[in-house]
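Student: Sharing a structure, written as structure tokens. Questions coming.
The values are calculated or read from the model by the stated rules, or taken from the named source; none is laboratory data. This one's a predicted model, so the numbers in the text were calculated from it and none came from an experiment. Using ideal geometry, Cβ is built from the backbone for each residue, glycine included, and neighbour counts are taken over all protein chains shown. These accessible areas exclude ligands, DNA and RNA; they are computed on the full protein's heavy atoms, side chains included. Shrake-Rupley method; radii C 1.70, N 1.55, O 1.52, S 1.80 Å.
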Amino acid sequence: MGEDVRLTVTYYDTLRRYQQLLDPSAYFRTAWLLDTKEMRRRDIVADYYRHPNQPTNIALETLMITASDDLINANYKELEIKLAAVNAVLDAIEENDPDPFSVSTLAASYLETVNALADAGYQAQRINLQDDSAQAMVTTTTGASCLKWF
């Protein structure tokens, strides 16, 4: 199996694992919609209800978005590092670690960036860490998108 295929499978396995553990409604997304009462009963709400937006979720999702960029651009070494970081945090969450991001310096940096942005009134949509700075695509409380360097 080629490196690209192996890492594509690993990426989607990691994404499904994240969804099952921290965003179960997204794991059950469908191309068809039941009536909303039945969807709520089955906890299939990602098609019409916002997914979890806690700092933990945003940090892991933005890390997965950056990993996806690495996959698309064939940056396999960086992709493996990011997937390892996400899986380390998920392992720690499953083990009920009170500080699951402490197991990965990279994941902790994403969480720190998410929290700093939230404190400034932004919600991160994309994060790109570079040395001691971060580039972030964010939305404001008014819903406007902008590109900010932090």
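Student: Does segment 1-10 include one or more residues that are modelled with pLDDT under 85, exposed (fewer than 11 other Cβ atoms within 10 Å of the Cβ) and either in contact with a Phe, Trp or Tyr (Cβ under 8 Å, 6 or more places away or on another chain) or over 30 Å from Ala120 (Cβ atoms) (or both)?
Tutor: Here is the first cut: in segment 1-10, the residues modelled with pLDDT under 85 are 1.
Filter once more, keeping what is exposed (fewer than 11 other Cβ atoms within 10 Å of the Cβ): 1.
Subsequent filtering for residues that are either in contact with a Phe, Trp or Tyr (Cβ under 8 Å, 6 or more places away or on another chain) or over 30 Å from Ala120 (Cβ atoms) (or both) retains 1.
Yes, the conditions are met somewhere in segment 1-10.
Student: Every residue in segment 66-84 that is over 13 Å from Thr10 (Cβ atoms) and either surrounded by fewer than 17 Cβ atoms within 10 Å (Cβ to Cβ) or without any contact (Cβ under 8 Å) to a residue 40 or more places away in the chain (or both), please. Walk me through it before giving the result.
Tutor: Filtering segment 66-84 for residues over 13 Å from Thr10 (Cβ atoms) gives 66, 69, 72-75, 77-78.
The answer is Asp69, Ile72, Asn73, Ala74, Asn75, Lys77, Glu78.
Student: Now for a different question. Checking Ala92 against (1) of a type outside the set (Phe, Trp, Tyr); (2) more than 16 Å from Thr14 (Cα to Cα); (3) surrounded by 15 or more Cβ atoms within 10 Å (Cβ to Cβ), only one condition comes out false. Which one?
Tutor: So Ala92 meets the others, but not (2).
Student: Taking Arg50 and the conditions (1) over 29 Å from Ala120 (Cα atoms); (2) open to solvent by 50 Å² or more (accessible area, probe 1.4 Å); (3) modelled with pLDDT under 95, which numbered condition does it fall short on, given that it satisfies the others?
Tutor: Arg50 satisfies every listed condition except (1).
Student: Ser102 fails exactly one of the following numbered conditions: (1) part of a helix (DSSP H, G or I); (2) of a type outside the set (A, V, I, L, M); (3) open to solvent by less than 60 Å² (accessible area, probe 1.4 Å). What is the number of that condition?
Tutor: If we test Ser102 against (1) part of a helix (DSSP H, G or I); (2) of a type outside the set (A, V, I, L, M); (3) open to solvent by less than 60 Å² (accessible area, probe 1.4 Å), just (3) comes out false.
Student: If you don't mind, there's one more thing I want to ask. Out of the residues in segment 64-89 that are polar (S, T, N, Q) and in a helix (DSSP H, G or I), state the one that is nearest to Ala108 (Cα to Cα).
Tutor: Among them, the one singled out is Asn87.
Student: Any residue at all in segment 109-122 that is under 25 Å from Thr8 (Cα atoms), of a type in the set (Ser, Thr, Tyr) and open to solvent by less than 50 Å² (accessible area, probe 1.4 Å)? Before you say what the answer is, go through the steps one by one.
Tutor: Step one: filter segment 109-122 for residues under 25 Å from Thr8 (Cα atoms), giving 109-111.
Among the residues that remain, those that are also of a type in the set (Ser, Thr, Tyr) are: 109-110.
From what's left, open to solvent by less than 50 Å² (accessible area, probe 1.4 Å): 109-110.
Yes, segment 109-122 has at least one match.
Student: Further, regarding this structure: When the residues of segment 109-150 are narrowed to those that are acidic (Asp, Glu) and at pLDDT 85 or above, which ends up nearest to Thr56 (Cα to Cα)? Spell out how you get there, then give the answer.
Tutor: Of all residues in segment 109-150, those acidic (Asp, Glu) come to 112, 119, 131-132.
Filter once more, so that each one left must be at pLDDT 85 or above: 112, 119.
Numbers: Glu112: 10, Asp119: 15 Å.
Out of the qualifying residues, it is Glu112.
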